[in-house]
Amino acid sequence: MDKTNNLNVKLPLIFLLSFGILVFASFLAITKGAVKIPLSEFFSEQYRAIIFLRFWRVFLAFIVGAGLAVSGVVLQALLRNPLAEPYLLGTSGGAGLAAVVGVGLGVSYLWLPGIAFLGAIGAVSLVYLIAQHQNRISQQSLILSGVIISVFLSAIIVAIITLSPDEVMHGLSWWLWGSLRLYHPGLIVFVSAITFICIFILYGFSHELNALSLGEEEALHLGVDIEKVKKALFLLTSLITAAIVSVSGVIGFVGLLIPHATRLIIGSNHKILIPLSVMTAASFMIICDLLARTVVAPIEIPIGVITALLGAPLFITLLKKTNKNVK
């Protein structure tokens, strides 16, 4: 049996196992925390409010993980760069700076996600404007523009927070490391609608992504309208990332690690890679959020710290394994 047939046989089992891990992680995240909920009292009135809040938190973790992972999958294929990740295009810097300025101006916390979303979209637009030349966007120019704008905006954020005497402003440092402490169902539903619609459309580009993974010349020979597809993919991934950053802050490694890990298991066919990345990333985010809430409870660690502490050694391990396979 060749490698492709062997993978086709294992695929249903891989998806079933991923779904089982996702369900188990969600159950743990709802029942564990500063207050533990006994299984025998799961449906009792006493814990109903806690379960309600944790349900929305698990749902947000699912959305954030799925969106970041799919954006990472698409950008890595599009830019043919294994280090491409959702924040490459300046969304984190734009959202963070807008939020910091909003707090400095005394804007209510309820409006901060909307302001952060506009900041992220503004930063991405600036990156596109800088990278664009004669109505074309080269991969190298886009990456360099994204890095420059991200570093520039991050420097302004750090300067504002450091120089500000306002303790509220210092409290915004959580935005730079991420948090899922958002208990606003209406806002979560709105962000999930943007994320799911964009993921669904991106899945429709699976054929084009498979072709672009081979290189632009090969994609052109396969009938892909490269410039049109690139603009559509950049727009969709930017919308996802901006929506996610606006409600969770900056959470690193998910969009970098999960696509690599999933690709190592099932290959680069995006019709399979995208849905499996959604489930893998959702489970990873739910587990990381559970650790963030419970490791030193009742103090909560920013979830970006957990994803970095777990993600860095995992990514190095995957990198070593990939290099070994190449040899």
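Brief remarks on what is shown
- Which listed residue is in contact with a Lys or Arg (Cβ under 6 Å, 6 or more places away or on another chain), at pLDDT 80 or above and not polar (S, T, N, Q), from Leu202, Leu180: Leu180
- Qualifying residue in region 277-293 (condition: surrounded by fewer than 22 Cβ atoms within 10 Å (Cβ to Cβ), among the small types (Gly, Ala, Ser) and over 13 Å from the mean Cα position of the chain (by Cα)): no
- Residue check for Leu60: modelled with pLDDT of 90 or more, assigned to a helix (DSSP H, G or I), farther than 30 Å from Ser213 by Cβ and open to solvent by less than 60 Å² (accessible area, probe 1.4 Å): yes
- Residue ID - nearest to Leu202 (Cα to Cα), chosen from residues in region 74-109 that are free of Cβ contacts under 8 Å to residues at least 60 places away in the same chain and open to solvent by 10 Å² or more (accessible area, probe 1.4 Å): Ala98
- Taken over region 175-203, the criterion of being in a helix (DSSP H, G or I) and touching a Gly at 6+ places or on another chain (Cβ under 8 Å) is satisfied by Trp175, Leu176, Trp177, Thr195, Cys198, Ile199.
- For region 197-211, the set of residues classified as within 12 Å of Gly67 (Cβ to Cβ) and either touching a residue at least 12 places away in the same chain (Cβ under 8 Å) or polar (S, T, N, Q) (or both) consists of Cys198, Ile199, Leu202, listed by residue number.
- Some residue of region 32-52 being in a helix (DSSP H, G or I), of a type outside the set (Ser, Thr, Tyr) and buried (at least 17 other Cβ atoms within 10 Å of the Cβ): no
- Members of region 221-238 that are modelled with pLDDT under 85 and in contact with a helix residue (DSSP H, G or I) (Cβ under 6 Å, 6 or more places away or on another chain): Leu222, Val224, Ile226, Ser238
The values are calculated or read from the model by the stated rules, or taken from the named source; none is laboratory data. In this text, all values refer to a predicted model and were calculated from it rather than measured experimentally. Neighbour counts are summed over all protein chains in view; Cβ atoms, including those assigned to glycine, are modelled from backbone coordinates with ideal geometry. These accessible areas exclude ligands, DNA and RNA; they are computed on the full protein's heavy atoms, side chains included. Shrake-Rupley method; radii C 1.70, N 1.55, O 1.52, S 1.80 Å.
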